[in-house]
Structures are given as structure tokens and as C-alpha cells.
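Here is the structure we will look at.
The values are calculated or read from the model by the stated rules, or taken from the named source; none is laboratory data. Treat the numbers as computed from the prediction; the structure is a model and nothing was measured. These accessible areas exclude ligands, DNA and RNA; they are computed on the full protein's heavy atoms, side chains included. Shrake-Rupley method; radii C 1.70, N 1.55, O 1.52, S 1.80 Å.
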Amino acid sequence: MSELKIGEIVTGIYKTGKYIGELTEERPQHYLIRVLAVLKHPMQGDLHSPKDADVLVFHERRALSYREQTNIPKQMVKPFDKEVPDYQQSLKEAVEKAKKELTENPTPWAEMSLKMYASLEKDYFK
């Protein structure tokens, strides 16, 4: 695989979300990525008990913010060669896609996740 270069536009998976961003720094195990758009919104709930509603704390998981920088393991970063979408529009589409998938497979976890998304949308799209 060819080495990625500083300034290159890439995709990266961080926890359960997927983002488009600019590679700003290379570190020994990670790339530092500046977020430009959201491809997949992070799943709601407990990362250690995915898709389980019966957990001690059901976490609200926010997407990384526009231009927020994050370390992503090198193996989770790939080149991106399409046009970078608008952050706000990409966030809206990622939330809509996640909600659609949750309504197609109703479970207690899906119901709790939908409540979290409703709360997040009030904040995201004021």
C-alpha cells in the first residue's frame, strides 16, 4: 500500500463512525485527521455491548465535529478520491440513514437509539 501524505483527503473509521477528512500529521501508529464530513454516524449505546439496550448506561454518541482532529489507527485510514460533501449535509444524511436502519429492525436497542438520535438532531440542526 502506498504511504499517505500530509494534506491528502482520506476516509477513517473512528470507534463506530466513518469520516472524510484531511490527513494533518503522521504518528507512529496513527494518522491525525481533520474531519470534513460524516459518512457513517457512530452507533448509540455502550461500545462494549453493541446493540444491547440492557446496559448500565446507554450512551449518546455524537459524531466528530467539523474540523475536529482525531487520531485514527493507520489501518483504518484509506485514500478518498471523490468530492468532499458539505459537513452539515453529510451529518444529516448519516443520521437519516442510521434512523432508517433502526426503524427497519425494531428492537429495544433500536428504540433507545432512535431517542438518542432525536436528542442529537435537536442539537445538531438548530
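List of remarks:
- Pairs of alpha carbons in the range 69-126 whose separation is greater than 13 Å (percent): 70
- The slack in the chain from GLN75 to LYS122, taken as 0.36 nm per residue of separation less the alpha-carbon distance, amounts to 13.5 nm.
- Carbon plus sulfur fraction of accessible area for the chain, probe 1.4 Å, in percent: 52
- Translational diffusion of the range 1-49, estimated by Stokes-Einstein from the Kirkwood radius over alpha carbon pairs at 4 °C in a medium of 1.567 mPa s, is 110 µm² per second.
- Calculated [θ] (222 nm, deg cm²/dmol) that DSSP helices of n ≥ 4 give over the chain, each run adding -39,500 (n - 2.57): -9500 deg cm²/dmol
- Ranked order, ASP86, ASP52, ASP81 - accessible area, probe 1.4 Å, largest first: ASP81, ASP86, ASP52
- GLU3 - accessible surface, heavy atoms, 1.4 Å probe, Å² rounded to 10: 110
- Once the Cα gyration tensor of the chain is diagonalised, semi-axes √(5λ) in Å: 28, 16, 12
- Average accessible area per residue (Å²) across the range 1-103 - probe 1.4 Å, nucleic acids and ligands excluded: 60
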